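Just so you know, all these numbers are worked out from the coordinates, no wet-lab data involved. Here the structure is a predicted model, which is why all the values come from computation and not from measurement. Cβ: placed from backbone, ideal geometry, glycine included. Neighbour counts: every protein chain shown.
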């Protein structure tokens, strides 16, 4: 079985239980208050195998075989990234701003993201060194990465009937580390007589010297718009949305550097070969020698906003928290992170019984390639539901790439 | 690498990930000039860029204590009734007063004046009288800013069986001693006054010839600031001794200088005429065990040295210059021995013609008789195996057990603009400085190309490699010391070569090594 065989097998599973679905789709009693907690964590890559990533995470010795395996998967389009997010959402009331169609909504979230795309030579330099490039150039660019962490408190309105909403949030930036290399040709002269870098790139980071929690302040909006329509003579639903469309203005002790020049490094300059006592090689000294010293000051960056759209088809289920769910969902999403490709997924939900619903699907994009989706949702009476989902079921198997888990808990009353 | 850093940063208690890289990296670039071989302060350059070493080093020095020492001295003064008694004294009555002359034993010195730089006097009085006594000890001939020295001491009552003891110590710093005595016609003599009285607020005391007072006056640690008088005619023997010479420190091999000029400068800071008889001055190379005695006119015949001039509060030394060159001495061979020590032995006779100053010999605390050798060595030379060695502290991250650099090869790129070749050896040395492992293979950087005029016309390129294996890397992290030895040779040149201040050697040190990421943790 080739590497795409297993995902397709998962996709076929729902057809075996399709006949049960009609009998369980029914309206739920209305509630006026809803509390939902969503926690998700995922990393993915189209080239880095889990043994490498977990080795980096867990520590210890990374063998050459592990590093070489990912190296062998490299191509022109190497991507990786992760997301860690937790969000608590509360909606309440029968009316808001004087309109009965709306209710109030607030949310609190903590999110961290990393996205990168990188040249194969950048990986080779990082994991094998530059000796293999003796007397030739390594093409380190184009490469880019962005790592950002932030917290957000948001307030808004939600439409009762469709779940459409608009939120405006205040964002606290706690971490930024980002770089973009448009060109970086690193030439290593024989026996390292000198190293030359033809560099065009930039780097920015929030102040890491300060211990304070807030290193930048910003704002963002999130919205979801849902609209019912008829498609192929069936009820359908189109949903468009964005999350975290906004910015963070980082504090004035933030650091940045931009360079577009040819840098030649022949070693740190010493007063004399016989007077090296006390000569210390450190990062700052090296940076200054290369003319890559930081500039301190304010700057703003966009948040890694998520844009998405989906079409729901097939039988409709009304969840007790007001959500309308179709049996089939086709979704396209894109997050503003380096290395992130539009993520396309198709999911099918079917019910095992009154309390249990199962989701299977396929996805492609994001930081990875073809992935299998699996999910399970359990309702406890008319007030509680729990869901667990993975966007990468095969990631838990040996020899694959990426891992992803999502947990949801919802309470309505 | 950013992703790796990020993932590693997520860890709290887990070990950091490690992997090895084969790294090629430039480390250091520098230029070696003559100023790096010889300290700039010793170098002089003429208009044509030719370089000379100008260096002065001390041959010997005779300080004040070889001429004048003031030994610790004690004097005792006793008082008792010359008849059986008893006799009564009313309160406030002085019952004994004596003015005496204290004569110091200073051998051949005849001092008329002494200014004390530091020192102290201790006065101890034993009282066997049954009453409160006031003791008054004074030195009328010792004054500080016009005030005579005086000590008043309250002596508690005592008995012959149980006397009371009272002591008082006073510094003498800055006191001017008139050593001519009370009549101003003696030497080494100091007027002294000692008296006793019944305390004014005490009671009448009755004493017999069994009751007595005993005073002991001790002078300690007297260091003269200035002394005036006749210092006597005597010969001071300076036993064989050595002084250290750093000019050729860490240098070995064979050096052939084209020309050397030198001057022996004898300075006399003492206010006495002197005659120096130099028994020997030797160039000592303790590394090779060779010594070369200096042969010159002054090493065979006594050298008369004039006295310094007293300027009132300081002095002006007399200076005697004796020029040495290859025509009148063996100074060239003396220096080519690359001495690290100078050995000497001599006699100095002061006042060889007697008291011709009429008692006006003088000295200050800083007065010295010194001899210096001032050398002028034009750097026109030939060198064979001339070796320069230095141990460097290398501040490497990590420990002997955990370090990032594992093994590799260091490459030394050189562009040599000196007219000599340089064989370079690197070695890891133990904490005690002993070489314990040589980094092979090393090699020789070729000499620059010389033109017909004997000057460099073209720099020469060279590259040396030094392999360092895992064991050597461990040793290096353990000791943190590297010894660099450079051996210079002008053997390719038939004649002496002239060094110019523009000559230099450009060096780059690079490393081809195996590096473990987070290996320092």
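Between residue A:73 and residue B:521, the FRET efficiency from the beta-carbon distance, with R0 = 25 Å, is close to 0.30. How many angstrom separate the Cα center of region A:39-55 from the Cα center of region B:159-206? Distance between centres, Cα-based: 97 Å. Note on residue B:495 and residue B:333: their simple-model spin labels are 2.5 nm apart, each label 7 Å out from Cα toward Cβ.
Among rounded, prolate and oblate, which fits chain B when a ≥ b ≥ c are the square roots of the eigenvalues of its C-alpha gyration tensor, a/c under 1.5 means rounded, and a/b larger than b/c means prolate? Since a/c reaches 1.5 but b/c is at least a/b, the shape of chain B is classed as oblate.
When you restrict to C-alpha pairs under 8 Å that are six or more residues apart and normalise by the size of region A:23-162, the relative contact order lands at 25 percent. Exposure proxy for A:265, A:386: other Cβ atoms within 10 Å of each Cβ, ordered fewest to most, give A:386, A:265. The ranking of A:226, A:358 from fewest to most other beta carbons within 10 Å of each one's beta carbon is A:358, A:226. Here B:36, B:520 are placed in order of increasing Cβ neighbour count within 10 Å, fewest first, which gives B:520, B:36. Partner shielding of A:256-268 amounts to 2, given as the average count of beta-carbon atoms from other chains within 10 Å of each residue beta-carbon. For region B:349-370, the residues whose amide N sits under 13 Å from a probe point set 7 Å from the Cα of residue B:234 along the beta carbon direction are B:349-351.
For peptide B:510-519, the mean count of partner chain Cβ atoms within 10 Å of a residue's Cβ comes to 3.
For residue A:135 and residue A:336, the difference between the fully extended length at 0.36 nm per residue and the C-alpha to C-alpha distance is 68.6 nm. If you plug the beta carbon distance of residue A:344 and residue B:449 into 1/(1 + (r/R0)^6) with R0 = 56 Å, you get a FRET efficiency near 0.20. Take each residue in A:191-200, count the other chain C-beta atoms within 10 Å of its C-beta, and the mean is 4. Here residue A:101 and residue A:213 are evaluated by their C-beta separation; at R0 = 51 Å the FRET efficiency comes out at 0.85.
Expressed as a fraction of 2.2 N^0.38 Å, the C-alpha radius of gyration for chain A is 1.16. Model label points for residue B:75 and residue B:325, set 7 angstrom from Cα along the Cα-to-Cβ axis, are 6.0 nm apart. Compared with the dominant Cα axis of chain B, that is its longest principal axis, helix B:470-479 is turned about 20°. A helix-only calculation puts the protein assembly as shown at -2000 deg cm²/dmol for mean residue ellipticity at 222 nm, using -39500 (n - 2.57) for each DSSP H run of at least four residues, averaged over all residues. Taking the Cα centre of each part, how many Å lie between region B:463-519 and region A:364-413? Taking the Cα centre of each part, region B:463-519 and region A:364-413 sit 61 Å apart. Under the rule a/c < 1.5 gives rounded, and otherwise a/b versus b/c splits prolate from oblate, where does the protein assembly as shown land using the Cα gyration tensor? Since a/c reaches 1.5 but b/c is at least a/b, the shape of the protein assembly as shown is classed as oblate.
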